[in-house]
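Single-structure report; data block below.
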Amino acid sequence: MPSSVDTFQYDNRIVKQFAIASMVFGVVGMTVGLLVALQMFLPQLNFGSPFTTFGRIRPLHTNAVIFAFVGNAIFMGVYYSMPRLLKAPMWSKKLSQIHFWGWQTIILSAAISLPLGLTTSKEYAELEWPIDIAIAVIWVIFGINMFMTILKRRERHLYVAIWFYIATVVTVAVLHVVNSFEIPVNLLKSYSLYAGVQDGLVQWWYGHNAVAFFLTTPYLGLMYYFLPKAANRPIYSYRLSIIHFWALIFIYIWAGPHHLLYSALPDWAQSLGTVFSIMLIAPSWGGMLNGLLTLRGAWDKVREDPVLKFMVVAITAYGMATLEGPLLSLKSVNAITHFTDWTIAHVHVGALGWNGFLTFGILYWLIPRMYGTKLHSVKLANAHFWIGTLGMLFYVIPMYWAGLAEGLMWKQFTAEGFLQYPNFLETVLQVVPMYIARAIGGSLFLTGVLLGGYNLIATARGGKFIAEEEASAPPLEAQPKPEKGGYYHRWIERRPVQFLLLSTVAILIGGIVEMVPMFVIKSNVPSIANVKPYTPLEVEGRDIYIREGCVSCHSQLVRPFRSETERYGEYSKAGEYVYDHPFLWGSKRTGPDLHRIGGKYPDAWHYNHMLEPTSMSPGSLMPPFPWLIEDELNTHNTAAKIRALRKVGVPYAKDYDEQALEDLQTQAAAVSQSLADQGIQVDSDREIIALIAYLQRLGTDINPSAN
């Protein structure tokens, strides 16, 4: 027996803080999500305000759910489980508090900036550069605190949950930094360092792996800790956990290009994404089976315990989502489902089922223990489970139905060879009943969350919070050295620095192989002589398009299908996007593609469409944008924007920034005169002028007839 034993305390305060933040922001994020869902068929619910339109609050919803609800839940689980697995308190309480308050400040910054239209438009990475820097700093602080705790541990072997935490910290840092390279214009505006196809590849390398290493790997670590605790059983297979971990982190990082199938991305990159996506089924289902088989022989307990009910459905949802993802990466499936609501259903199986239900299961297990009491009401917890499950089903099933209807209607031809539904709005109106059903499902899910919040508050009030939990363990140096032999993997488990380095190498390989050729080999993005940089007025119009979140509903990518070239025009080429900082391909079509919109309609059509969409498209569910006609175009930063774009490679002439404003005013006057010729009087210094100039430019570089 060891001769000395250390006595120490686990800090439950930081766990409590993150738990409260997770639930509060969860309610906020899901409430915004419900408003977004309602606006899909009741656009007047933007209340006539520019700050609550779909395009601005949709990224608010995604960021609140991903980084506020799920992010705080991750930190809650890590700060509880890691000290207990390592038999050591967190290295620094001060760093823990800086992490907590820094993360909440970032969330509040996002909640303010996104409705104001301050966005990069890059999905799951919309926050502007000062907030990006803050995220990196706070993440590094979390990483330092975590790794110092590992180095000061009193448990020689690192349990599997710690492996997933290590991979999460390293990979999220790499993803965030690489994707966030941008050139600032001012404190509130920047341009992506990458352009067009290259920007698309980097963004979806980040976007897919943000799902992998923020929404998946840390939650797998939480599953490996909290599921055995809740079931009071060991994890099913240690060997399977080894295969699950290393195969998952190596393969996952390659799969990003499957978001860009049939795009202007080179075929070799698309194929790599598809191949590795299919391979992902094996480790993903290995993890799911390891979780579910842990409960073998304990199904009677599952029927009685709401904690295990939540966890079982969560793990099942993980399995379904990780089977569906690879299937969606098959080109034949992707051709029908991409840009449709099928993707929305797929994402929410993971968000509501995997992340949401596992979070609730952990909270129902954790809060009673931190307050030294029993759960206030098992009946209420069961009610939350069933209402939440019904809400999830009412959400995702209509979205699957809507997605299939959209994909098939877009591709349908008549016997004579014409598009069956040439008017895109026909598709939108067809799925409105499914949007209504989704809103009902979201309401049910949110109702369950509110019940759960009440139950947890009542539980806390019925007990006494244990701020410092006493524990003891012998110091590492006082423990006997492990005997030789056993599993080969035991060697790396005892060496956290080597484990960190090996994990880093595993996640870097895929990104390097995919991205380096895209930036080094010029033939991956063939140049097109006719493609010219945007004029200063078009730059301002593009920034308005980004500010209003138009990319949330409209793609700018015509795929090489007959159904799309008949509807929109010539399919999109890689060389057309070389001056797009950032790219604007989008991931969902609630409205038609706009890459060939230039010259399709007169200027007056665009003016009236933004003022009152139904005047041009009867039955349209797009909200009006009257402020674009009322507000003056801010040109104070036009010269700075030209300078920033020159820095990222747009070939404006030297000192062009000095004459940019003059050129802008000349083009604006021409657009204003064009509107006047069509019977519409509008000053040349209004925002609508810049937006019309940008829309009329789209697709015209390789389509002279549209000029």
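The values are calculated or read from the model by the stated rules, or taken from the named source; none is laboratory data. These figures come from a predicted structure and were not determined experimentally. FYI the Cβ positions are ideal-geometry reconstructions off the backbone, even for glycines, and counts take in every protein chain you see.
With surrounded by 24 or more Cβ atoms within 10 Å (Cβ to Cβ), out of contact with any Phe, Trp or Tyr (no Cβ under 8 Å at 6 or more places or on another chain), closer than 27 Å to M30 by Cβ and not aromatic (F, W, Y) as the only criterion, which of L108, L114 stands out?
Working: L108 fails: surrounded by 24 or more Cβ atoms within 10 Å (Cβ to Cβ).
Just one listed residue meets the conditions, L114.
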Name the residue that is nearest to the chain's Cα centre (by Cα), counting only residues in segment 131-158 that are among the aromatic types (F, W, Y) and surrounded by fewer than 21 Cβ atoms within 10 Å (Cβ to Cβ). W139
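Mind telling me which of the residues P613, P533 ends up being at pLDDT 95 or above and in contact with a helix residue (DSSP H, G or I) (Cβ under 8 Å, 6 or more places away or on another chain)? Lay out the reasoning, then the answer.
Numbers: P613 fails: in contact with a helix residue (DSSP H, G or I) (Cβ under 8 Å, 6 or more places away or on another chain).
When all the criteria are applied, what remains is P533.
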Does segment 531-551 include one or more residues that are closer than 18 Å to H259 by Cβ, buried (at least 17 other Cβ atoms within 10 Å of the Cβ) and in contact (Cβ under 8 Å) with a residue 12 or more places away in the chain? yes
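Kindly evaluate I512 against the criterion of being free of Cβ contacts under 8 Å to residues at least 24 places away in the same chain, within 27 Å of V70 (Cβ to Cβ) and of a type outside the set (D, E, K, R). Give the steps one after another, and end with the answer.
Numbers: free of Cβ contacts under 8 Å to residues at least 24 places away in the same chain: yes; within 27 Å of V70 (Cβ to Cβ): no; of a type outside the set (D, E, K, R): yes.
Here the answer is no, as I512 does not meet what is asked.
Just checking, which of A161, A212, A195 is among the hydrophobic types (A, V, I, L, M, F, W, C), at pLDDT below 95 and surrounded by 21 or more Cβ atoms within 10 Å (Cβ to Cβ)? Please lay out each step first, then the result.
Values: A161 fails: at pLDDT below 95; A195 fails: at pLDDT below 95.
Sole residue among the options that is among the hydrophobic types (A, V, I, L, M, F, W, C), at pLDDT below 95 and surrounded by 21 or more Cβ atoms within 10 Å (Cβ to Cβ): A212.
Test P83 against the criterion of being on the phi < 0 side of the Ramachandran plot, surrounded by fewer than 21 Cβ atoms within 10 Å (Cβ to Cβ), in contact (Cβ under 8 Å) with a residue 60 or more places away in the chain and not assigned by TED's automatic domain parsing to the domain that holds F360, and give yes or no.
Values: on the phi < 0 side of the Ramachandran plot: yes; surrounded by fewer than 21 Cβ atoms within 10 Å (Cβ to Cβ): no; in contact (Cβ under 8 Å) with a residue 60 or more places away in the chain: yes; not assigned by TED's automatic domain parsing to the domain that holds F360: yes.
Spelling it out, it is not the case that P83 is on the phi < 0 side of the Ramachandran plot, surrounded by fewer than 21 Cβ atoms within 10 Å (Cβ to Cβ), in contact (Cβ under 8 Å) with a residue 60 or more places away in the chain and not assigned by TED's automatic domain parsing to the domain that holds F360.
Condition check: buried (at least 22 other Cβ atoms within 10 Å of the Cβ) and at pLDDT 95 or above. Does L260 satisfy that? Working first, answer last.
On the way: buried (at least 22 other Cβ atoms within 10 Å of the Cβ): yes; at pLDDT 95 or above: yes.
Answer is yes for this residue.
Just checking, does segment 174-184 include any residue being touching a His at 6+ places or on another chain (Cβ under 8 Å) and modelled with pLDDT of 95 or more?
Step one: of segment 174-184, the residues touching a His at 6+ places or on another chain (Cβ under 8 Å) are none.
Checking segment 174-184: not a single residue is touching a His at 6+ places or on another chain (Cβ under 8 Å) and modelled with pLDDT of 95 or more.
With respect to L175, is the statement that it is hydrophobic (A, V, I, L, M, F, W, C), assigned to a helix (DSSP H, G or I), touching a Pro at 6+ places or on another chain (Cβ under 7 Å) and closer than 26 Å to T343 by Cα true? So that I can check it myself, show each step before the final result.
Numbers: hydrophobic (A, V, I, L, M, F, W, C): yes; assigned to a helix (DSSP H, G or I): yes; touching a Pro at 6+ places or on another chain (Cβ under 7 Å): no; closer than 26 Å to T343 by Cα: yes.
In short, no.
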Among the listed residues Y191, Y219, Y252, Y262, which satisfies the condition of being outside the structural domain of N355 (by TED's automatic domain parsing), farther than 29 Å from L501 by Cβ and under 21 Å from the mean Cα position of the chain (by Cα)? Y191
Criterion first (closer than 28 Å to L408 by Cα and modelled with pLDDT under 95) does G549 satisfy it? no
Among (1) of a type outside the set (A, V, I, L, M); (2) over 30 Å from H376 (Cα atoms); (3) assigned to a helix (DSSP H, G or I), there is one condition Y262 misses while meeting the rest; what is its number? (3)
State the number of residues belonging to segment 426-478 that are of a type outside the set (V, I, T), out of contact with any Pro (no Cβ under 6 Å at 6 or more places or on another chain) and assigned to a loop (DSSP other than H, G, I, E, B). 6
Report whether or not P592 is surrounded by fewer than 17 Cβ atoms within 10 Å (Cβ to Cβ) and out of contact with any Pro (no Cβ under 6 Å at 6 or more places or on another chain). no
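Could you grab me the full set of residues in segment 3-17 that are more than 25 Å from the chain's Cα centre (by Cα) and of a type in the set (A, V, I, L, M, F, W, C)?
Start the filter on segment 3-17 by keeping residues that are more than 25 Å from the chain's Cα centre (by Cα), which leaves 3-14, 16.
Residues satisfying the conditions are V5, F8, I14.
Can you name every residue in segment 275-284 that is assigned to a helix (DSSP H, G or I) and buried (at least 21 other Cβ atoms within 10 Å of the Cβ)? Quick ask: steps written out before the conclusion?
Within segment 275-284, the subset assigned to a helix (DSSP H, G or I) is 275-279, 281-284.
Answer for segment 275-284, where residues must be assigned to a helix (DSSP H, G or I) and buried (at least 21 other Cβ atoms within 10 Å of the Cβ): F276, S277, P283, S284.
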Scan (1) under 20 Å from F164 (Cβ atoms); (2) surrounded by fewer than 24 Cβ atoms within 10 Å (Cβ to Cβ); (3) without any contact (Cβ under 8 Å) to a residue 60 or more places away in the chain for the single condition F250 breaks and write down its number. (3)
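Looking at L664, L645, which is the one that is out of contact with any strand residue (DSSP E or B) (no Cβ under 7 Å at 6 or more places or on another chain) and either without any contact (Cβ under 8 Å) to a residue 12 or more places away in the chain or surrounded by 14 or more Cβ atoms within 10 Å (Cβ to Cβ) (or both)? Can you show your working first?
Values: L645 fails: out of contact with any strand residue (DSSP E or B) (no Cβ under 7 Å at 6 or more places or on another chain).
Of the residues listed, the single one that is out of contact with any strand residue (DSSP E or B) (no Cβ under 7 Å at 6 or more places or on another chain) and either without any contact (Cβ under 8 Å) to a residue 12 or more places away in the chain or surrounded by 14 or more Cβ atoms within 10 Å (Cβ to Cβ) (or both) is L664.
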Let me confirm something: among V539, V558, V578, which residue is under 15 Å from V650 (Cα atoms) and under 26 Å from the mean Cα position of the chain (by Cα)? V578
When both residues are 6+ apart or on different chains and their Cβ atoms are under 6 Å apart, which pairs have a first residue that lies in segment 476-489 and is at negative phi, and a second that is at pLDDT 70 or above? L476/R154; A478/S4; H489/I242
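Answer yes or no: is there a residue in segment 73-86 that is of a type in the set (V, I, T) and under 20 Å from the mean Cα position of the chain (by Cα). Lay out the reasoning, then the answer.
Of the residues in segment 73-86, the ones of a type in the set (V, I, T) are 74, 78.
In the following step, the residues that additionally are under 20 Å from the mean Cα position of the chain (by Cα) were identified as 74.
Among the residues of segment 73-86, at least one is of a type in the set (V, I, T) and under 20 Å from the mean Cα position of the chain (by Cα), which makes the answer yes.
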Give me the pairs, please: first residue somewhere in segment 175-189 and among the aliphatic types (A, V, I, L, M), second residue anywhere and part of a loop (DSSP other than H, G, I, E, B), beta-carbon distance under 7 Å, and either six or more positions apart or on two chains. I183/L193; I183/V648; V185/N637; L188/L118; L188/E128
State whether one or more residues within segment 38-57 are surrounded by 24 or more Cβ atoms within 10 Å (Cβ to Cβ), under 30 Å from S96 (Cα atoms) and not assigned by TED's automatic domain parsing to the domain that holds G441. no
Of all residues making up segment 525-554, the number that are outside any loop (DSSP other than H, G, I, E, B), more than 14 Å from L628 (Cα to Cα) and of a type in the set (A, V, I, L, M, F, W, C): 3
Quick one: in segment 18-37, which of the residues that are buried (at least 18 other Cβ atoms within 10 Å of the Cβ) and over 18 Å from the mean Cα position of the chain (by Cα) is nearest to L60 (Cα to Cα)? L35
